[in-house]
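Data block below; observations after.
The values are calculated or read from the model by the stated rules, or taken from the named source; none is laboratory data. As the structure is a prediction and not an experimental result, all values here were calculated from the model. Cβ sites come from the backbone with ideal geometry, for glycine too, and all protein chains shown count toward neighbours. Surface accessibility is based on the protein's heavy atoms, side chains included, excluding ligands, DNA and RNA. Shrake-Rupley method; radii C 1.70, N 1.55, O 1.52, S 1.80 Å.
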Amino acid sequence: MYDGDVVVIGGGYAGVRLARRLDGTARVTLVDRKEVFFHRVASLRAGVHPAWTHTPFIPYDRLLRHGRLVTGKAVGIDTAERQVVLATGERLPYDVVVIATGADYPEPARFTGTTAEEAATSFAEHQRDVATAEHVLVVGGGPGGVELSAEIRLARPDARVTLAHSGSALLDSAGNARPGRKALAWLESHDVEVLLDSFMSPGTDFGTYRDARGTVVEADLSFWATGTTPNTLWLRLAGHGDWLNAAGRVKVDRTLRVEGRLDVFAVGDVNDVSELKVTPAALAQADTTAHNIRTYLQSPGRHRKDPRLYRPIRRTPLIVPFGSADGLTVLPVPGGESAVLGSRTTTLAKAKSLMTPYMRRQLGYTAA
Ligand SMILES: Cc1cc2nc3c(=O)[nH]c(=O)nc-3n(C[C@H](O)[C@H](O)[C@H](O)COP(=O)(O)OP(=O)(O)OC[C@H]3O[C@@H](n4cnc5c(N)ncnc54)[C@H](O)[C@@H]3O)c2cc1C
């Protein structure tokens, strides 16, 4: 009844969606280096609030009915033998392989170790650091930096909190200036010091930071929300550097295949599709890829059906919580300037639960 072996490397938002879509049609093996799904969207609050320590970790055990899960780190893809190679030396045969290894984010939005307990220990450490710091510096005024500064301020009304951003306005990728102004007004009214046009780097002394003009900030704790690195070093080390672009992202064609390869796909944050690297994009790419894999496996011969071409997402809402009961939502309006909605919409859409019930349901669990 099964059409072939599909190995999905990476059980993040894209990998989980894809594995579930193909479960039952193909023999699916989902490989991840950690034991549980990491709901990264909830990670900033988990880095600050003890009550959220365990929220981002959702077991994989209810995800697949037919397929299997393998905990292990992929270190290579043997295209001649059609096998994924794990760090343990184990080899997983495939008819189709999907690279869904995402990107690495700075602390606290990271999963360190393999088990939920190991990751929880690192979150508890961040919480302790935040609870005892006198001055916290957050670097990066995009959605993550703004959200984290707000969480820290609300958890530590007595601490000094500074947000430094290299650009001249916060949330400068939002497409218009209003969301950035709103975020600045909220932060300043909550006594967060916001430094704009400040490209920070660590200073020479421990606990000092310096911007490009030489201004020195002393802080006993810092978090960097300054972008991501695709998880593709393992591909480079395995001799597939030619699959990557200069930024280290996997180059894909419009069917989301690695250029020139019929049986290797790449989805989500890891690939070079030019769009905002956000969850809705990862999910939409997984859906297109599931269709294309089914088509490929069901008609491998000369009469192959046409694949579906992926259309990058141009408009997606940007939701930035300021704690659990406030924030802003930028809603793109076709042909016009985006609408910026306030605390009611943002609280319902994201701020209160950080989309945890939605992700729990995706993994086969109840919302709570
Ligand atoms: C703080 C924060 C908040 C965010 N909030 C939002 C939001 O509100 N809305 C939104 O749309 N987007 C949000 N994002 C972006 C979103 O998290 C990413 O777009 C999303 O995680 C991409 O999913 P992915 O499946 O491509 O990668 P990931 O979710 O990163 O998953 C990749 C998986 O691959 C595994 N892996 C990596 N290397 C290997 C290997 N060699 N072998 C085996 N497994 C491996 C990892 O363990 C991981 O499970 C947020 C990001 C951050 C940091």
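Output the residue which, of all residues in the stretch 354-368 that are within 13 Å of the ligand (Cβ to nearest atom) and either open to solvent by 40 Å² or more (accessible area, probe 1.4 Å) or within 16 Å of the chain's Cα centre (by Cα) (or both), is farthest from residue 144 (Cα to Cα).
Here is the first cut: in the stretch 354-368, the ones within 13 Å of the ligand (Cβ to nearest atom) are 354-356, 358-359, 362-363.
Checking which are either open to solvent by 40 Å² or more (accessible area, probe 1.4 Å) or within 16 Å of the chain's Cα centre (by Cα) (or both) leaves us with 354-356, 358-359, 362.
On the way: 354: 13, 355: 15, 356: 17, 358: 20, 359: 19, 362: 23 Å.
Step by step, filter the stretch 354-368, then rank; the result is 362.
Please go through the stretch 10-52 and pick out each residue that is small (Gly, Ala, Ser) and within 6 Å of the ligand (Cβ to nearest atom). It would help to see each step written out before you state the result.
At the first step, the residues of the stretch 10-52 found to be small (Gly, Ala, Ser) are 10-12, 14-15, 19, 24, 26, 42-43, 46-47, 51.
Once the filter is applied, which keeps residues that are small (Gly, Ala, Ser) and within 6 Å of the ligand (Cβ to nearest atom), the stretch 10-52 yields 10, 11, 12, 14, 15, 43.
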Checklist (1) surrounded by fewer than 17 Cβ atoms within 10 Å (Cβ to Cβ); (2) over 14 Å from residue 217 (Cβ atoms); (3) touching an Asp or Glu at 6+ places or on another chain (Cβ under 8 Å) applied to residue 135, failing item: (2)
Candidates 215, 226 - the one that is more than 10 Å from the ligand (Cβ to nearest atom), open to solvent by 30 Å² or more (accessible area, probe 1.4 Å) and touching a residue at least 40 places away in the same chain (Cβ under 8 Å): 226
Residue in the stretch 296-311 that is open to solvent by 20 Å² or more (accessible area, probe 1.4 Å), touching a residue at least 40 places away in the same chain (Cβ under 8 Å) and near the ligand (Cβ under 9 Å from one of its atoms) present: no
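When the stretch 241-295 is examined, which residues are found to be at positive phi, more than 9 Å from the ligand (Cβ to nearest atom) and in contact with a helix residue (DSSP H, G or I) (Cβ under 8 Å, 6 or more places away or on another chain)?
248, 256
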Residue ranges of strands (runs of 3 or more DSSP E) in the stretch 3-121 with at least 1 members open to solvent by 10 Å² or more (accessible area, probe 1.4 Å) and of a type in the set (Lys, Arg): 27-32, 68-71, 91-93
Filtered residue count, the stretch 340-353, keeping only those that are within 21 Å of residue 53 (Cβ to Cβ) and open to solvent by 50 Å² or more (accessible area, probe 1.4 Å): 1
Members of the stretch 317-339 that are open to solvent by 20 Å² or more (accessible area, probe 1.4 Å), of a type outside the set (A, V, I, L, M, F, W, C) and under 21 Å from residue 145 (Cα atoms): 317, 324, 326
Residue 141 being open to solvent by 10 Å² or more (accessible area, probe 1.4 Å) and assigned to a loop (DSSP other than H, G, I, E, B): no
Pairs, first assigned to a loop (DSSP other than H, G, I, E, B) in the stretch 348-364, second within 13 Å of the ligand (Cβ to nearest atom) and open to solvent by 30 Å² or more (accessible area, probe 1.4 Å), C-beta under 7 Å, six or more apart: 354/41; 355/41
Filter result for the condition that a residue is of a type in the set (Gly, Ala, Ser), surrounded by fewer than 22 Cβ atoms within 10 Å (Cβ to Cβ) and modelled with pLDDT of 95 or more, over 150, 169, 164, 183: 169
Residues that are at pLDDT below 90 and basic (Lys, Arg), drawn from the stretch 278-321: 302, 304, 305, 314, 315
